[in-house]
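Have a look at the structure below before the remarks.
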Amino acid sequence: MKNYKRLVESEREQIFLFYHAGKSIRFIADSLARSPSTISRELRRNRTREGLYGYSVFVAQHFSQKRASNRKTGKLILSNNPVLLNLVLDRLQKRWSPQQISRYLKRQYPDNLAMQISHESIYSYIYVYGRGELKKALSSYLRQQRSYRRQQKKHKKGRIKDMFSIEERPKEVEERTVPGHWEGDLIIGKGHKTAIGTIVERTTRLVILVPLKSRMASDVRKAFAREIKRLPKQLRLSMTYDQGREMSQHKLFTKQTNMQVYFAHPHSPWERGTNENTNMLIRDFFPKGTDFGGLSRYRIKKVQELLNDRPRKVLDWRSPQEVFSELLLDYS
């Protein structure tokens with residue numbers, strides 16, 4: 001495999017001429033013997049205020065040199081500040097992303113630039129300056145950037161009796177204007193014999209992990225209801241689920257919790273996108289093949305705590321727990 005070489009100014013001049021002449025990204029890539037993803041990334045990262053069509057050679061070259069400078073200074077920032085380094089390493093061990101760490105530091109130390117660092121510098125410290133076992137250890141803390149293949153769920157013939165379709169769900173749920181609407185699912189373990197439940201609030205992204213005795217509908221219903229009944233009534237309005245048979249006792253679940261269950265269309269994970277994205281984060285801690293039957297409730301809930309304590313970009317870099325706690329104060 002050939003080593004990747006960064007774009008140089010002469011290549012950027014050709015990109016400028018081709019792109020403003022209306023040539024496609026693939027045409028430009030072929031002309032420069034580069035991959036289309038390289039050209040697409042170059043245009044996306046270096047746009048001016050006028051948008052994608054405002055691509056400028058000068059601006060692109062400036063940004064490139066600035067990023068190179070960041071890579072060089074990343075080592076110095078952390079190496080010369082052991083307090084900051086220990087804090088960054090601690091958050092990496094908790095599976096925070098470099099961007100989450102960077103935003104957290106800006107909020108925590110707004111007037112102390114010595115305790116702030118960009119996410120690019122954190123990545124540089126790991127990948128550029130890390131060596132041997134140190135690099136291996138640091139890299140293991142990062143979530144792997146890999147293509148994610150969703151597991152296709154098998155649905156038995158026939159609809160779940162008396163189910164409410166997602167099409168009947170109130171508009172406020174889709175718009176996330178009112179908290180208290182949740183999405184639910186199972187993460188399947190080793191040999192498809194064990195599982196844990198996942199419930200995510202759509203507005204705050206708070207996740208509840210549910211230990212399960214089995215995948216039987218009665219056990220899932222009891223475990224989910226037990227967790228949901230700990231919430232204030234105002235924050236248990238609805239749940240959107242796929243058409244897995246484990247939620248076939250939805251009518252009894254609604255009776256026990258006063259929470260209406262809506263069912264997504266078969267093979268439509270995007271209709272429960274918040275839950276699907278959260279399940280990917282949970283898989284960092286419980287990879288495919290995990291035997292959930294061998295995990296203690298404490299360990300499962302500890303992962304729940306770690307996930308809810310992470311700052312999230314969608315929440316303006318607050319954590320789900322912070323946002324949810326504010327809601328609880330409103331209803332107390």
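A short reminder: the numbers here are calculations on the coordinates, not readings from a lab. Since the model is a prediction, treat every value here as computed from it, not as a measurement. Every residue, glycine among them, receives a Cβ derived from its backbone with ideal geometry; neighbour counts consider all protein chains shown.
What order, most packed first, do the peptides 80-86, 179-185 have when packing is the mean number of other Cβ atoms within 10 Å of each residue?
Going by the mean number of other Cβ atoms within 10 Å, highest first, we get 179-185, 80-86.
For the range 221-312, count all C-alpha to C-alpha pairs, find those more than 20 Å apart, and express that count as a whole percent of the total.
50
Ordered by packing density, taken as the mean number of other Cβ atoms within 10 Å over each peptide's residues, highest first, how do 97-104, 306-313 rank?
97-104, 306-313
Is there a pair in Lys171/Lys313; Lys255/Lys302; Lys222/Lys255; Lys94/Lys193; Lys229/Lys255 whose C-alpha atoms are over 20 Å apart, and which pairs would that be?
Result: Lys171/Lys313; Lys255/Lys302; Lys94/Lys193 exceed 20 Å.
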